[in-house]
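One structure, as structure tokens, below. Some questions next.
What follows is calculated from the coordinates using simple rules that are stated; it is not laboratory data. Worth saying up front: this structure is predicted, and the values here are computed from it rather than measured. Reconstructed Cβ throughout: ideal geometry from the backbone, glycine too, with neighbour counts over all protein chains shown.
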Amino acid sequence: MENFQFCIPTNILFGKGQISNLPGVITGFGSRVLLAYGGGSIRKTGLYDKVKELLSGCEIYELSGIAPNPKIDSVREGISLCREHGIDVILAVGGGSVIDCCKAIASGFYYDGDAWDMIVSHAEITKALPIVTVLTFAATGSEADAGAVISNPETNEKLSLFSQEVFPKVSIMDPEYTFTVPAAQTAAGSIDILSHLMEQYFVPESTYMSDLLVEAVMKTVVKYTPIAYAEPDNYEAKAQLMWASTIADNATLCNGNQLAAFSCHGMEHELSAFYDVTHGVGLAILTPRWMEYVLSDETAPRFAHFGKELFGVEGSDDMESAKLAIKALYEFFESLGVPMSV
Ligand code: NZQ
Ligand code: ZN
């Protein structure tokens, strides 16, 4: 078992009605708030009005229109707003793109230079504005991790930043807020969750406990995604997926394993950088093909075990079982309506 450091400082408020805690949470950081959101789903669902009502005692400034695969221009705009209005706390209401954008704003606020330079140069981030999130989509785990991914369409780059400083201070996670997510997005989000697990599971050295924990969460995703896809307001399915998204990508399950390379994620970020594809769709296209590419006598037993555990498929030997596993994974993605090529 490898050495590790583990610190998840995000206070998670999970479940129905947790939004009522928002005023207390926000005023703990101050009264000048940057409310950041995406292309308008929160206005349609009524969450925008709810947040404004709850924070009526605060001074609210808004950054709207944060796009999926968030762009550096939104980061720059957010930093300007924070500096102009002396913002105390950033409230991100949305999915991973909104939260990631806010992480870059929160750290860029203290950076002496252009925000893209901060990201490209992997500048050490030692300070960031506090971030609170209201999660509306289960996928990335950004609501309780230290990473953010930002795109620059001018250079066709999509790059990550990491810092303990950008962990959200508090994340409000009410599965009911994900009822309005379109089915295709639900599928893409679940594929992202599954991919985070698979990336950390397909490593040469892992621990017994980590294998069992990851298998449990992968099985949960495979069980509940078709239900959430068909019944968008199934609370139990949406709740299971929401919690799975949080624990899949913040090392909770995989501490002690060999560090994962996240090969499919690296390739997917390049795809998104050039073609702006939805992250989960890119992962669905790449992952079974990556498995085929790395399939060998060495990797086959692990893939075989994966197929047996997740999809109940098994051949006469490890190689045949591994091929059946790859096929089952491909068909699972297809069954969720994912276009398996671009
Ligand atoms: O923009 P709005 O109108 O809000 O619509 C969004 C968006 O179009 C919509 N949506 C979200 N919640 C909704 C909803 N529609 C209806 N009802 C709701 N309740 O869903 C669409 C996708 O949202 P987005 O935030 O882009 O999705 P996701 O959470 O998958 O984030 C993707 C980004 O996160 C990065 C990805 O690369 C991509 O840029 N990642 C971030 C990671 C991290 N910070 O740790 C790790 C991941 O591996 C990933 O790379
Ligand atoms: Zn991902």
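Could you calculate, for region 11-177, the ratio of the Cα radius of gyration to the Kirkwood radius, expressed as Rg to Rh?
Working: Rg = 14.5 Å, Rh = 15.5 Å.
The Rg/Rh ratio comes out at 0.94.
Right, here's the next one. Normalised by the empirical 2.2 N^0.38 Å for globular proteins, what value does the Cα Rg of the chain take? List each step's numbers first, then the result.
Values: Rg = 19.9 Å, N = 342, 2.2 N^0.38 = 20.2 Å.
Expressed relative to 2.2 N^0.38 Å, the Cα Rg reads 0.98.
Now for a different question. Given the peptides 49-56, 141-148, arrange them by the average over their residues of other C-beta atoms within 10 Å, most packed first. Write down the numbers at each step before the final one.
On the way: 49-56: 14.4, 141-148: 24.6.
Result, highest mean first: 141-148, 49-56.
Continuing with this model, one more query. Order 193-200, 153-160 from most to least packed using the mean count of other Cβ atoms within 10 Å. Provide the component values of the computation, followed by the final result.
Details: 193-200: 25.1, 153-160: 15.1.
Ranking the peptides 193-200, 153-160 by packing returns 193-200, 153-160.
Also: Could you list which residues have their amide H under 5 Å from that of S171, counting only those 5 or more apart in sequence or on another chain, with H placed in the peptide plane?
Amide H neighbours of S171, under 5 Å, 5+ apart: N11, I12, L13, T133.
Taking just the C-alpha trace of region 182-335, give me its Rg and Dmax in Å.
My reading of the Cα-based Rg and Dmax gives 14.9, 44 Å.
Please report the relative contact order for the chain, taking Cα pairs under 8 Å with a sequence separation of at least 6, and give it as a percent rounded to a whole number.
Working: 661 pairs, mean separation 57.4, N = 342.
Relative contact order, the chain: 17 percent.
Something else about it: Too long at a 27 Å Cα-Cα cut-off: which of K169/K223; K223/K327; K16/K127?
Working: K169/K223 31 Å; K223/K327 18 Å; K16/K127 32 Å.
Over 27 Å apart, Cα to Cα: K169/K223; K16/K127.
I need the Kirkwood Rh of region 40-103: take the reciprocal of the average 1/r across all distinct C-alpha pairs and report it in angstrom.
On the way: mean 1/r = 0.0802 Å⁻¹.
Result for region 40-103 stands at 12.5 Å.
Show me the three semi-axes of the equivalent ellipsoid for region 248-342, from the C-alpha gyration tensor (sqrt of 5 times each eigenvalue), largest first, rounded to whole Å. Spell out each step's value before the answer.
Numbers: eigenvalues 107, 65, 31 Å².
They are 23, 18, 12 Å, listed from largest to smallest.
Loop only per DSSP, at most 11 neighbouring Cβ atoms within 10 Å: give me the chymotrypsin sites (Phe, Trp or Tyr not before Pro) in region 1-76, ordered by residue number.
Numbers: sites: F4, F6, F14, F29, Y37, Y48, Y61; in loops: F4, F6, F29.
Hits after loop and neighbour filter: F4, F6.
Separation between the S64 and S31 pseudo-spin-labels, each 7 Å from Cα along Cα→Cβ, expressed in nm?
In this crude spin-label approximation the distance works out to 2.5 nm.
Comparing N21, N234, N152, which has the greatest mean-square fluctuation in the GNM of the chain with Cα pairs linked when under 10 Å apart?
N21
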